[in-house]
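Structure record follows, encoded as structure tokens.
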Amino acid sequence: MKFTSYWLDTSQPFNDGSSKPLEGQYDVAVVGGGLTGSSAALALAKKGARVALLEAETIGNAASGRNGGMCNNGFAQNYAVMARKYGTDAANALYKAFDTGVDMVERIVGEEKIDCSFSRVGKLKLAAKPQHYDMLTRTQELLAANVDPDTRMIPRTDLRSEVGTDRYHGGLLFPKSASMHVGRFVRGLATAAARRGAEIYERAPVLAMRKVPAGHELSTPRGKIVARQVLLASGISQVGPLGWIRRRIVPVGAFLIVTEPLSPSELERLMPARRNVVDTRNLVVYWRLTPDNRMLFGGRARFAASNPQSDEKSGRILKAAMVDVYPELAGARIDYCWGGMVDMTRDRLPRAGERDGIFYSMGYSGHGTHMSTLMGSIMADVMDGRPDLNPWRDFDWPAIPGYFGRPWFLPILGAYYRMKDLVR
């Protein structure tokens, strides 16, 4: 078993051969080489800007290369809750932004010829309890009436045509959702940006930033540059002068396992519709098939940071959860086990905008594969004088009370969610 991301292990690392020191002046410095940063670098380079992308490790090394590879449209939150809180028109606009994110991933894959197995498989949200099915039914009625008429309910009697398990009580299908090989996608994005003229520097953590007459000076171990504009696409990064962001982003561990390749008969029994699947528990689990026919199974196995010991413990928990759903996988070999950190906001909605002359986009809260790609492109337009295109422009972003970057409260939160899953 490899304790590394399946996506990163089965994709070619980004390498443009650049080993030159950092120096000179740029139009834009992009901090972070994940999906947001790579998408922004591509969009900015297409506009003719001189762009330097600065990545602390390697392209896609953090959350962008450690997720489930799902482009799931729709909110993490219940649509009805969003409509009550922000109004139906605003909720619909935000919902459609997630749809647009999936569309943008598909468009970029086609335009840049990125071989990442993008496929509109649809997302199936499964009811863990009978009352959850009733809640999903009410949600689907609202979605169909207001913003997404393509959604439909799958009753328990028809569930075997979707997933080969009797563990759930029906589900809500979102046909627009997609899956892809996210490692090949993020590295393909960076390659496309470099092809368009963006200069990409791996292992170039930004250790300091300061305002200078020509814009902003950014210092890295590889040298210093001056950029007229800066975009922070740094997520939960613990490197550099990001204290303001660290008081607003909570790093939450997400853990995944991937099995050995499954036989055609197993695939047909377990995943006849090849959907992205997620359930309604607070300690959510999700699963899908990889392009080479392995079962990927992930979730909030533990409210803990990702490290080798934590990943191994989480892998055992996820194997047990997978077998609970699919008992016949009890003997399946686990080939990959890894963890990553999700950049969670307090309300589980992204944040993007400008503060003190520095632009930022992050906080995707587990729904970032396509929203981060969309926001990277949108932020290129925002920095070009179109702040009206930012769907999150009117969202304030207060600091989390009592929080200074170390999430001491996660074990308490995990215990609370476990209790809720037991009693509700």
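The values are calculated or read from the model by the stated rules, or taken from the named source; none is laboratory data. A quick note: this is a predicted structure, and the numbers were derived from the prediction, not measured. So basically every Cβ, Gly included, is an ideal-geometry build from the backbone, and we count neighbours across all protein chains shown.
Specify the residue that is nearest to the chain's Cα centre (by Cα); the eligible residues are those in region 333-359 that are of a type in the set (Val, Ile, Thr) and not in a loop (DSSP other than H, G, I, E, B).
VAL342
Conditions: (1) buried (at least 23 other Cβ atoms within 10 Å of the Cβ); (2) without any contact (Cβ under 8 Å) to a residue 40 or more places away in the chain. LYS20 meets all but one. Number of the miss?
In the conditions (1) buried (at least 23 other Cβ atoms within 10 Å of the Cβ); (2) without any contact (Cβ under 8 Å) to a residue 40 or more places away in the chain, LYS20 misses (1) alone.
Residue-wise test of (1) closer than 19 Å to GLY340 by Cα; (2) of a type in the set (Val, Ile, Thr).
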position: LYS2; (1), (2): yes, no
position: LEU8; (1), (2): yes, no
position: PRO13; (1), (2): yes, no
position: LEU22; (1), (2): no, no
position: VAL30; (1), (2): no, yes
position: GLY34; (1), (2): yes, no
position: GLY37; (1), (2): yes, no
position: ALA62; (1), (2): yes, no
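For region 214-243, enumerate the residues that are over 18 Å from GLY376 (Cβ atoms), of a type in the set (S, T, N, Q) and within 23 Å of the chain's Cα centre (by Cα).
Passing the criteria: only GLN238.
Would it be correct to say that ASP99 is under 26 Å from ALA192 (Cβ atoms), touching a residue at least 24 places away in the same chain (Cβ under 8 Å) and part of a helix (DSSP H, G or I)?
yes
For region 363-389, which positions are within 20 Å of GLY74 (Cβ to Cβ) and not β-branched (Val, Ile, Thr)?
Correct list: GLY363, TYR364, SER365, GLY366, HIS367, GLY368, HIS370, MET371, SER372, LEU374, MET375.
Just give me the residues in region 149-192 being under 20 Å from the mean Cα position of the chain (by Cα) and either in a loop (DSSP other than H, G, I, E, B) or hydroxyl-bearing (Ser, Thr, Tyr) (or both), in sequence order.
Result: PRO175, LYS176, SER177, SER179, MET180, HIS181, THR191.
Is region 269-284 home to any residue that is closer than 18 Å to TYR326 by Cα, surrounded by fewer than 20 Cβ atoms within 10 Å (Cβ to Cβ) and without any contact (Cβ under 8 Å) to a residue 24 or more places away in the chain?
Scanning region 269-284, I find at least one residue that is closer than 18 Å to TYR326 by Cα, surrounded by fewer than 20 Cβ atoms within 10 Å (Cβ to Cβ) and without any contact (Cβ under 8 Å) to a residue 24 or more places away in the chain, so the answer is yes.
Could you please give the count of residues in region 333-347 that are surrounded by fewer than 16 Cβ atoms within 10 Å (Cβ to Cβ) and of a type in the set (Lys, Arg)? Walk me through how you get there before you give the answer.
Initial filter on region 333-347 (surrounded by fewer than 16 Cβ atoms within 10 Å (Cβ to Cβ)): 333, 335, 347.
Pick out the ones that are also of a type in the set (Lys, Arg) and you get 333.
Final tally of qualifying residues: 1.
Does MET322 fit the bill of being part of a helix (DSSP H, G or I) and crowded, with 20+ Cβ neighbours inside 10 Å?
yes
With the structure loaded, tell me whether LEU44 is farther than 24 Å from MET344 by Cβ, in contact (Cβ under 8 Å) with a residue 12 or more places away in the chain and not small (Gly, Ala, Ser) or whether it fails that test.
yes
Does ALA227 qualify as being not polar (S, T, N, Q) and not in a strand (DSSP E or B)?
Here the answer is no, as ALA227 does not meet what is asked.
Out of contact with any Ser or Thr (no Cβ under 9 Å at 6 or more places or on another chain) and either closer than 18 Å to ARG348 by Cβ or crowded, with 21+ Cβ neighbours inside 10 Å (or both), is that true of ALA76?
It is false that ALA76 is out of contact with any Ser or Thr (no Cβ under 9 Å at 6 or more places or on another chain) and either closer than 18 Å to ARG348 by Cβ or crowded, with 21+ Cβ neighbours inside 10 Å (or both).
When residues of region 244-287 are filtered for being assigned to a loop (DSSP other than H, G, I, E, B), of a type in the set (Ser, Thr, Tyr) and over 22 Å from the mean Cα position of the chain (by Cα), how many remain?
Final tally of qualifying residues: 1.
Within region 288-308, which residues are assigned to a loop (DSSP other than H, G, I, E, B) and either modelled with pLDDT of 90 or more or closer than 24 Å to MET180 by Cβ (or both)?
THR290, PRO291, ASP292, ASN293, ARG300, ALA301, SER306
Considering each residue of region 166-175, count those that are out of contact with any Phe, Trp or Tyr (no Cβ under 9 Å at 6 or more places or on another chain) and not aliphatic (A, V, I, L, M), and give that number. Spell out how you get there, then give the answer.
Applying the first criterion (out of contact with any Phe, Trp or Tyr (no Cβ under 9 Å at 6 or more places or on another chain)) to region 166-175 yields 166, 173-175.
If we keep only those that are not aliphatic (A, V, I, L, M) as well, we get 166, 174-175.
Final tally of qualifying residues: 3.
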